[in-house]
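S.K.: Can you read through this structure? Questions will come right after.
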Amino acid sequence: MSNLSQSHRILFLNTLAFAVCFACWTLNGVLVTFLVDQEIFDWNVVQIGWLLGIPILTGSLMRLPMGILTDKYGGRVVYSALLVLASIPLFLLPFAANFWMFALLSFMFGMVGTSFAVGVAYTSLWYPKEWQGRALGMFGMGTAGASITPFIAPSMLKYFSESDPVNGWKYLPVIYGVVLLTMGIVFILFSKTKKIETKAKTVKELLQPLKEVRVWRFGTYYFLLFGSFVSFSQWLLPNFMNVYHTTLILGGLFTTCFSLPAGVIRAFGGFLSDKFGARKVMYWVLSTSVVLSFLLLFPKMNITTSGSGLMAAKAGTVTQVSPSKIVIGEKEYLLTPEDANAGHNAFFPSKKTWQEVVVAENQKVQKKELIADGITQIHFEANMWVYLTLVILIGACWGIGSAAVYKHIPEYFPNQVGVIGGMVGMIGGLGGFIGPIVFGYLLAFTGFWTSSWFFIFALSITCLIWMHRVIVKVTTEKLPEFAQDMDRKDVVQ
């Protein structure tokens, strides 16, 4: 078997294991929503946000140490142990009787989220530099595993609950545990051991690159791109159910429409990064994220506010009041009536204005006194299909950008892919943890489900400005010839 064929086989196995892990990592998104919707547990919005984020927290914080272990012991041993051990809390989840037990077990099976750091380090060893953007992009397609859970889990929960509405849900985490355990056994049997052959380093030496600003900048990009993908892979389901009143199954299907393309397109992101340079790709990705998140900001709404009213041109006595006019002395004031038959635009905000009389006949009025109150009504349908389309587009954008971020790591840190990839992945994973919690607080504070997109909009602008400022600074400091090479080689600090 050729080296490339063997590399492809390892890549396939790696990607499959990552997809399984990612499906388990986002399990709480469907499960918690179902348990609350069926009133099996009485958790508030903030508690739901924490339960959605807790598995992501574990998978984020532990990525760095798991990346170090992968560099030291190899991906085969670390990945297999992770898959087997993470299945245990899933088998125990049916015994969770309250919020704290559920949170603890969620924290434990959230370890599957570290599979990304392990997989990046393991995959990069099997490919030369010119292939690594595509290889890591293909491995990143495993994030499409996030689409598996919202696609199949709602139907499974419905089926199990038909015969036992209270305890039927308990079969689901057991099934996930069996799949995870089986994948662990398959991985240890069919993968091969390969690790970096270098002189052993101390923990201090391994962590030395973390002092570089570049690592933290890449981590911030990944916080937005990957973290947002993870957050909305869980947050979109309750979003669709509450705003558009979809069923659990239809909401899960819509969530899959977001997460599946976002995961699959990472391979294309790796290809684009190899061909055009990760820097150029990141410019397009961050700019697109700003535009799309802005468009997603506007909630479904029907707002009534003050409009243009009528005021008396001079003092006098009201002699006539009708739906169409007010007469003061000899002067007539024509009114704008409400159009009860006015329709609403299905795709864009629409408004209608009218005036309502606030005076009566024989009433004396002063000059500039208000005689008819102006009313403006703004309606925005927030069409579900338009919303879904924008969500799919921004998810695909994040998938391409995630691959672009990881294009740099094996090129600049070839002997520390595990630790650097783990650090960047940890920061990105923290975005997936913080996201649902912030979204929960924003929802509780504003009452708008679209308030989550304001957080994404602000973060997208921050990343775009930071990247642009760094590039401008280096371009002005270095030779013009250096600027032409920026797309290919990131030497920015």
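S.K.: Write down the accessible area per residue of segment 313-460 in Å², having rolled a 1.4 Å probe over the full set of protein chains.
M.R.: Value returned for segment 313-460: 46 Å² of accessible area per residue.
S.K.: May I ask you to give the percent of accessible area on the chain that is carbon plus sulfur, with a probe radius of 1.4 Å?
M.R.: 66
S.K.: If you take the Cα Rg of segment 327-453 and divide it by 2.2 N^0.38 Å, with N the number of residues, what do you get?
M.R.: Expressed relative to 2.2 N^0.38 Å, the Cα Rg reads 2.01.
S.K.: What shape does segment 213-314 take by its C-alpha gyration tensor, where a ≥ b ≥ c are the square roots of the eigenvalues and a/c under 1.5 counts as rounded, a/b above b/c as prolate, and the rest as oblate?
M.R.: oblate
S.K.: Moving to a separate point now. Would you check the accessible area of THR246, probe 1.4 Å, heavy atoms only, in square angstrom rounded to 10?
M.R.: Rounded to the nearest 10, that gives 20 Å².
S.K.: In terms of modelled amide H atoms, which long-range or inter-chain residues lie less than 5 Å from the amide H of ILE328?
M.R.: THR319, TYR333
S.K.: Turning to a different aspect of this structure: Largest first, what is the accessible-area ranking of GLU356, GLU212 with a 1.4 Å probe?
M.R.: Heavy-atom accessible area, descending, gives GLU356, GLU212.
S.K.: Here's a follow-up. Can you give the net charge of the other residues whose Cβ lies under 15 Å from the Cβ of GLN38, counting K and R as +1 and D and E as -1?
M.R.: Around GLN38, the surrounding residues sum to -3.
S.K.: Considering only protein heavy atoms, with the full assembly of protein chains and a 1.4 angstrom probe, order SER163, SER402 by accessible area, largest first.
M.R.: SER163, SER402
S.K.: Can you run phi through the Karplus equation (6.51, -1.76, 1.60; θ = phi - 60°) for segment 80-88 and list ³J(HN,Hα) in whole Hz, with x for Gly and Pro?
M.R.: 4, 5, 4, 4, 6, 5, 6, 6, 4
S.K.: What ³J(HN,Hα) values, in whole Hz, does the Karplus curve 6.51 cos²θ - 1.76 cosθ + 1.60 give for segment 256-267 when θ = phi - 60°, with x put for Gly and Pro?
M.R.: 5, 4, 7, 7, 5, x, 4, x, 5, 6, 4, 4
S.K.: Pick out, in residue order, every one of the trypsin sites (Lys or Arg not before Pro) in segment 281-373 that is DSSP loop and has at most 15 other C-beta atoms within 10 Å; say none if there are none.
M.R.: LYS314, LYS367, LYS368
S.K.: Distance check, please: which entries in LYS280/LYS407; LYS72/LYS194; LYS314/LYS351 exceed 22 angstrom between their Cα atoms?
M.R.: LYS314/LYS351
S.K.: Rg/Rh for segment 42-150 to two decimals, with Rh computed the Kirkwood way over all alpha-carbon pairs.
M.R.: My calculation of the ratio gives 1.04.
S.K.: How much accessible surface does ILE375 have with a 1.4 Å probe, in Å² rounded to 10?
M.R.: 20
S.K.: Check GLY307: other-chain or 5+ apart residues with amide H under 5 Å from its amide H, H built from backbone geometry?
M.R.: GLY374, ILE375, THR376
S.K.: Expressed as a whole number of Å, what is the distance separating the alpha-carbon centroids of segment 111-176 and segment 265-326?
M.R.: 36
S.K.: What is the percent of Cα-Cα separations in segment 261-381 that go past 26 Å?
M.R.: Cα-Cα pairs in segment 261-381 separated by more than 26 Å: 53 percent.
S.K.: Starting from the residue with the highest accessible area, list MET183, MET141, MET156 in decreasing order, probe 1.4 Å.
M.R.: MET141, MET156, MET183
S.K.: From Cα pairs below 8 angstrom and at least 6 apart in sequence, can you work out the relative contact order of the chain, rounded to a whole percent?
M.R.: Worked out over the chain, it gives 25 percent.
S.K.: Still on this structure: Across every pair of different alpha-carbon atoms, what Kirkwood hydrodynamic radius in Å does the chain reach?
M.R.: Here the Kirkwood hydrodynamic radius works out to 24.9 Å.
S.K.: Right, something else. Cα axis of helix 63-73 to longest principal axis of the chain: angle in degrees, 0 to 90, nearest 10?
M.R.: The two axes meet at around 10 degrees.
S.K.: List the relative contact order of segment 1-158 as a percent without decimals, with contacts defined as Cα pairs under 8 Å and 6+ residues apart.
M.R.: For segment 1-158, the relative contact order is 43 percent.
S.K.: Oh, and also: Only helical DSSP H runs with n ≥ 4 go in: add -39500 (n - 2.57) per run for the chain, normalise by residue count and round the 222 nm mean residue ellipticity to 500 deg cm²/dmol.
M.R.: About -21500 deg cm²/dmol.
The values are calculated or read from the model by the stated rules, or taken from the named source; none is laboratory data. All values derive from a computational prediction rather than experimental measurement. Backbone-built Cβ (ideal geometry, glycine too); neighbour counts: all protein chains shown. Protein only, heavy atoms only, side chains kept; ligands, DNA and RNA dropped before computing areas. Shrake-Rupley method; radii C 1.70, N 1.55, O 1.52, S 1.80 Å.
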